[in-house]
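Enquirer: Have a look at this one.
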Amino acid sequence: MLALVAGLATYWAIQNDSQVSASSSCEPGAIEIKTAPIPKPEEIEVVVLNGTDRSGLADQAAAQLEDRGFVVVETGDAEEAYDGTALVFFGPDQYAAGIHTHAYFYQGHQSFDLDWDKPITIILGDDFAEVRSASDARQSFAQGGIGQLPKGTCTVE
């Protein structure tokens, strides 16, 4: 009898614990994204594409990213040219990793897509010079942080 009472009390406590689910504040239909913990570069897979006519640019950037710990799964040429520094594409499953990766590109831009299901993809542009150092990226990330969540999402940790 005592075991039954203890079991019921435990069940009630779990069901009524306000910390069980962070998603209870999500609006219906919102996509849950994790904003923490911020993954280390060793845990982030990226694709690096050359959006310029400069030969070997994707391989150069890939080597720099690998030196900083990132896992480069593919390099190649982008389908379209890009004029900026770098454009970092990512989706809900890689939100924190995408923001972290973006910090390695001075004056780079990010593109979040709710339907993105590929690895984080970086398109290098004409203004790209080099991948930032880890210390410069940390400083950039500290200044910008996660920022405002994209429309249609809510955060879970």
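Enquirer: Suppose R0 equals 41 Å. What FRET efficiency, 1/(1 + (r/R0)^6) with r the Cβ-Cβ distance, do D126 and V156 give to the nearest 0.05?
Expert: With R0 = 41 Å, the Cβ-Cβ based efficiency is 0.60.
Enquirer: Work out from phi, with θ = phi - 60° and the Karplus expression 6.51 cos²θ - 1.76 cosθ + 1.60, the ³J(HN,Hα) of each residue of the stretch 121-130, listed in order in whole Hz, and give x for Gly and Pro.
Expert: Here the 3J(HN,Hα) series is 10, 10, 9, 7, x, 4, 8, 5, 10, 6 Hz.
Enquirer: Let me ask something else about it. Would you mind getting the accessible area per residue of the stretch 92-157, heavy atoms of the protein chains only, 1.4 Å probe, in Å²?
Expert: 55 Å²
Enquirer: Right, another one. With a point put 7 Å past each Cα toward its Cβ, work out how far A142 is from K118 in nm, to one decimal.
Expert: So the label points at A142 and K118 sit 3.4 nm apart.
Enquirer: Counting Lys and Arg as +1 and Asp and Glu as -1, each charge on the Cβ, what is the dipole of the stretch 39-157 about the Cα centre in debye, to the nearest 20?
Expert: 500 debye
Enquirer: Once amide H atoms are placed 1.01 Å from N in the peptide plane, what residues at a sequence separation of 5 or more from D77, or on another chain, have their amide H within under 5 Å of its amide H?
Expert: Residues meeting the amide H criterion: N50.
The values are calculated or read from the model by the stated rules, or taken from the named source; none is laboratory data. In this text, all values refer to a predicted model and were calculated from it rather than measured experimentally. Don't worry about glycine lacking a Cβ; one is built from the backbone with ideal geometry, like all the others, and counts go over all protein chains shown. Just the protein is used for accessible areas: all its heavy atoms, side chains included, with ligands, DNA and RNA removed. Shrake-Rupley method; radii C 1.70, N 1.55, O 1.52, S 1.80 Å.
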